[in-house]
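J.: Sharing a structure below in structure tokens format, with a few things to ask.
Nothing in this text is a laboratory measurement; each read-out follows from the coordinates by a stated rule. Just so you know, these numbers come straight off a predicted model, no measurement behind them. Every residue, glycine as well, gets a Cβ built from its backbone with ideal geometry; the counts of neighbours run over all protein chains shown.
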Amino acid sequence: MPDETSTQERASRPEVAPAPQFDPLEALWRFFTSTKVAVVIIFLTLVSAFIGAIFIQAPGWAQASPQSYASWLERVRPRYGGLTDFFSAIRLFDVYGSVWFRGMCALLIINTILCTLNRLPGIWRSVFRSKAVMGESFYLNSTNRASIPAPVPADNVIAALRKERYRVTRVQEGNATYLYADRHSWAKLGTLLTHLSIVLFLLGAIFGILFGFSDDEVVIGEGSSYAMTRGYNFQVRLDDFTEEWYLEGMPKDFRSDLSILEGGQEVERKTIRVNDPLVYKGVKFSQSFYGVAPALEVKDGQGKTLFADILPLSPGGRPNYETSLLTLPPNTTVVVGRPAKPSGAAAARLELQVYNGGQVKDQGFLEIGKHVKSGDLDIAFLGDREYTGLRVSRDPGAGVIWVASGLMLLGMCSSFYFPRRRLWARVRPQGVDLAAFADRSVSIGQELDSLAKTLSPEGIRPRKDMRKR
Amino acid sequence: MEKMSLYFFTAGLITVALAAVLYLWYAWTRQGDAGRFATIFAWMGVALLTGSVITRTIVAQRGPFANMYEFSLSFGWGILLAYVVIERQYKLRTIGAFVVPVSLLLLVYALTVPSAVQPLVPALQNSLLLTIHVSLAIVAYAMVAVAFGSAVMYLIQEAHQNRVSILPPADFLDAMGYRAVLIAFPFIFVMIVIGALWADIAWGRYWGWDPKETASLVTWLIYAGYLHARAVAGWRGKPTATLLIVGFVATMFTFFGVNLFLSGLHSYAGTG
């Protein structure tokens, strides 16, 4: 990446003549390998990411259904006013899931790959095939140069360079010896490593999205079980949920005692905390949130239990109100609700509506500990129960992300902390000419001066500039 | 012990304020005495703030990394320490006029937020990752502040055609900013990676576009832009110095703005 010699090098290379005919592939290649286009794409990606950081992003529950999204939108409407619907239409509340943001990321990746491929031959050449024989103008025009106006044996120059841990190539032409010396030439490959890692980051992310999953709001009431979907054949039971608070009023600990059940048998047990998830068969259960929800029991005419679990409420219906709905086959829907953050009498009863095929069949209030009949259904409100909110996820791409991070760091360290130095010398009977390039983090000019000083015979002063000869 | 930490902090704040004034005075009047005293005060400031950080660590039984007061104290201390080391290394005093005030601002900010030692909320109860994550941030932010100071001086020097004799030559400042970024850039990166690793453990995902995550990524990308602008496009001087200032503003936004103005998973680090 920050190899600052490349621009100087490129300037000395002749430009390739443009293709005579219009070739769409060639044009596309040139578009994506252009530095200006890269800068524009990076800038636009930055701006979009920034927009996502500034605008409130719709949380997972809001994106679950159009209704929940609409009710979420009403909540942020006071903040964004008349522009709310416009912002929503251009996905400003879901920037990172939007087509335009993902498209931008895809463009950035294509650009990274193509730019790297484009620079690969040049990097390769400069690492492995540098010319030792350089002409007069090269020595005259180098930014960092020095000359010794007296004869110095070529072997002395080579020895001095080797002492500085340079790798030296020697070419003899007549009575002139040309030397090319290189130090940390491999560090330049760090650039390839960093760009490769960016591609790996993307692949890891895509792999995770394609082959992993993340259910962000899995709710399990105390004593209830959650049956894994997605082809997994086990259940997770919440045995107990505990919350602890500091005297200062800050949360101290949230923990869920979980059991994994397979075929009715308990196969694993763990108390999970925010910083200590449970992983079973590659699936991770992370403590995410918690709450209290009403527990309902619904029986049919024969006394068979159709439902017995908590029904977590979410905002909806009307302001400061929370509802939840329970669908019972074939076509019955039970809707329960109560004011948000209820206390006293409000917490002790639920507003109940029973729909049958879209028609309201019954409605009224259901008191705690009581049950009501609707048709042949028997609905009981057992009281409030604590529940735990888990993120259940599996990300097979995460490993790739950590490998990519390691490669990125390795690449950065090699190109930053092992700055490459390149030095050319022309050793002739009338004297020695030196020229060097290095990354800006090295004071190569000073190094060159001190090298010239050590090589100079007694009484001869090296010159900064070469006299025209 | 908590009181002692506060006494150290207050004494450190006053000392750093004096140092900042003296550095500015020195940059303005070029009086050697002012510069020498500025250096003495800066070192005293480092000593006092180190005392404050250590006593705070003892009383809280963890690094001072858990709320806005502790972050500001740690970052202010880190920036000052980075500065005095660089001043000693390069025998440069004028850069102090631009870096020490940044440290001072952080310390003044720390003064305005509640300083009580608070217990760790569940998400932060991972002392190993917390320590690494925030320590990396301290080094990164210190280097970013040094790069910022160099960039500001560069722009001044450039506007006056290198004739501001009290400042180092423009060329040197350009290289100085670059070297600071060469340290800051990998540190920001590793800080983000450790953060992601931690998020994977604590929140079950390594990346979630949380405002803090996004802002730190954007900051890192700005410095990536700076490095590429130099290496690929051959930019030097004024445009790259401007990028360093943009990067610093982004860093400050990541530090303050995200916690104060935006809600997200990092908001436990807010004013409380």
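J.: Show me the trypsin sites (Lys or Arg not before Pro) within region B:56-159 that DSSP assigns to loop and that have at most 14 other Cβ atoms within 10 Å of their Cβ.
T.: Passing sites in region B:56-159 are B:Lys91.
J.: What size of dipole, in debye to the nearest 20, comes out for region B:104-238 about its Cα centre when the only charges are +1 on Lys and Arg C-beta atoms and -1 on Asp and Glu C-beta atoms?
T.: It comes to approximately 220 debye.
J.: When we measure straight from the Cα of B:Lys3, which aspartates and glutamates land under 17 angstrom away, once same-chain ones fewer than 8 places off are left out?
T.: Here the aspartates and glutamates satisfying the reach criterion relative to B:Lys3 are B:Glu70.
J.: With point charges of +1 on the Cβ of Lys and Arg and -1 on the Cβ of Asp and Glu, referenced to the Cα centre of the protein assembly as shown, which listed residue (B:Ala231, A:Leu326, B:Asn162) lies farthest in the positive direction of the dipole?
T.: My answer, from the dipole projection, is B:Asn162.
J.: Right, next: Fewest to most neighbouring Cβ within 10 Å: what's the order for A:Leu258, B:Leu167, A:Leu107?
T.: Ordered by Cβ neighbours within 10 Å, fewest first: A:Leu107, B:Leu167, A:Leu258.
J.: Considering only A:Gln67, B:Tyr109, B:Ser150, whose Cα is most displaced toward the positive end of the charge dipole of the protein assembly as shown, charges sitting on Cβ of Lys, Arg (+1) and Asp, Glu (-1)?
T.: Of the candidates, B:Ser150 comes out farthest on the positive side.
J.: Right, here's the next one. From the alpha carbon gyration tensor of region B:132-256, can you work out the equivalent ellipsoid semi-axes (sqrt of 5 times each eigenvalue) and give them in Å, largest to smallest?
T.: Values for region B:132-256, descending: 31, 13, 11 Å.
J.: Just checking the output field for B:208-217: average partner chain Cβ neighbours within 10 Å of each residue's Cβ?
T.: That works out to 4 on average.
J.: Right, here's the next one. Classify region A:6-126 as rounded, prolate or oblate from the Cα gyration tensor: take a ≥ b ≥ c as the square roots of its eigenvalues, call it rounded if a/c is under 1.5, otherwise prolate when a/b beats b/c and oblate if not.
T.: prolate
J.: While we're on this one: To test your reading of the geometry: what angle, between 0 and 90 degrees and rounded to tens, separates the Cα axis of helix A:99-128 from the longest principal axis of chain A?
T.: 20 degrees
J.: So which aspartates and glutamates can A:Lys281 reach, going by Cα to Cα under 15 Å and dropping same-chain residues fewer than 8 places off?
T.: The qualifying aspartates and glutamates are A:Glu262, A:Glu266, A:Glu268, A:Asp395.
J.: Projected onto the charge dipole of region A:369-434 (+1 at Lys/Arg Cβ, -1 at Asp/Glu Cβ, origin at the Cα centre), which of A:Trp402, A:Val432, A:Met412 gives the Cα projection farthest towards the positive end?
T.: Among A:Trp402, A:Val432, A:Met412, the one farthest towards the positive end of the dipole of region A:369-434 is A:Val432.
J.: Now, a different point. Arranged by the count of other C-beta atoms within 10 angstrom, fewest first, what order do B:Met44, B:Met176 take?
T.: Fewest-to-most ranking of B:Met44, B:Met176: B:Met44, B:Met176.
J.: Going by the alpha-carbon gyration tensor, a ≥ b ≥ c the square roots of its eigenvalues, is region A:213-394 rounded (a/c under 1.5) or, if a/c is not under 1.5, prolate (a/b greater than b/c) versus oblate?
T.: oblate
J.: Which pairs in the list A:Lys252/A:Lys299; A:Lys270/A:Lys373; A:Lys270/A:Lys370; A:Lys284/B:Lys212; A:Lys464/B:Lys91; A:Lys304/A:Lys341 are over 29 Å apart, alpha-carbon to alpha-carbon?
T.: A:Lys252/A:Lys299; A:Lys270/A:Lys373; A:Lys270/A:Lys370; A:Lys304/A:Lys341
J.: If you rank B:Ser216, B:Ser103, A:Ser71 by fewest surrounding Cβ atoms within 10 Å, what's the result?
T.: A:Ser71, B:Ser216, B:Ser103
J.: Under 1.5 on a/c is rounded, so check that first for chain B, then, if it is not, pick prolate when a/b is larger than b/c and oblate when it is not; a ≥ b ≥ c are the square roots of the alpha carbon gyration tensor eigenvalues.
T.: Oblate is the answer for chain B, as a/c is 1.5 or above yet b/c matches or exceeds a/b.
J.: Can you give the angle from 0 to 90° between the axis of helix A:154-163 and the longest principal axis of chain A, with both taken from C-alpha atoms, to the nearest 10?
T.: 20 degrees
J.: If N is the number of residues in region B:1-103, what value comes out of its Cα radius of gyration divided by 2.2 N^0.38 Å?
T.: For region B:1-103, the normalised Cα radius of gyration comes out at 1.09.
J.: In region A:118-146, which residues have a backbone nitrogen under 14 Å from the label point lying 7 Å from A:Gln430's Cα in the Cα-to-Cβ direction?
T.: Output list for this probe position: A:136-137, A:140.
J.: Still on this structure, I have one more. If you average the sequence gap of Cα pairs under 8 Å that are 6 or more apart and divide by the length of chain A, what percent do you get for the contact order?
T.: Computed value for chain A: 22 percent relative contact order.
J.: Using square roots of five times the C-alpha gyration tensor eigenvalues, list the equivalent-ellipsoid semi-axes of region A:296-421 in whole Å, biggest first.
T.: Calculated on Cα positions only, the semi-axes equal 53, 18, 13 Å.
J.: On to the next question. Stokes-Einstein diffusion coefficient for chain A at 10 °C in a medium of 1.306 mPa s, Rh from the Kirkwood formula over Cα pairs: what value in µm²/s?
T.: My calculation gives 54 µm²/s for D.
J.: What dipole magnitude, in Debye to the nearest 20, does the protein assembly as shown give about its Cα centre under +1 on Lys/Arg Cβ and -1 on Asp/Glu Cβ?
T.: So the dipole magnitude of the protein assembly as shown works out to roughly 3580 debye.
J.: To continue, here is another question. Given just the C-alpha atoms of region A:158-217, how large is their convex hull per residue in cubic angstrom?
T.: That works out to 108 Å³ per residue.
J.: Taking the 0 to 90 degree range and rounding to the nearest ten, how far is the long axis of helix A:24-33 tilted relative to the main principal axis of chain A, both from C-alpha atoms?
T.: Helix A:24-33 and the main axis of chain A meet at about 90 degrees.
J.: At 222 nm, what helix-only mean residue ellipticity would chain A give, in deg cm²/dmol to the nearest 500, using -39500 (n - 2.57) for each DSSP H run of four or more?
T.: -11000 deg cm²/dmol
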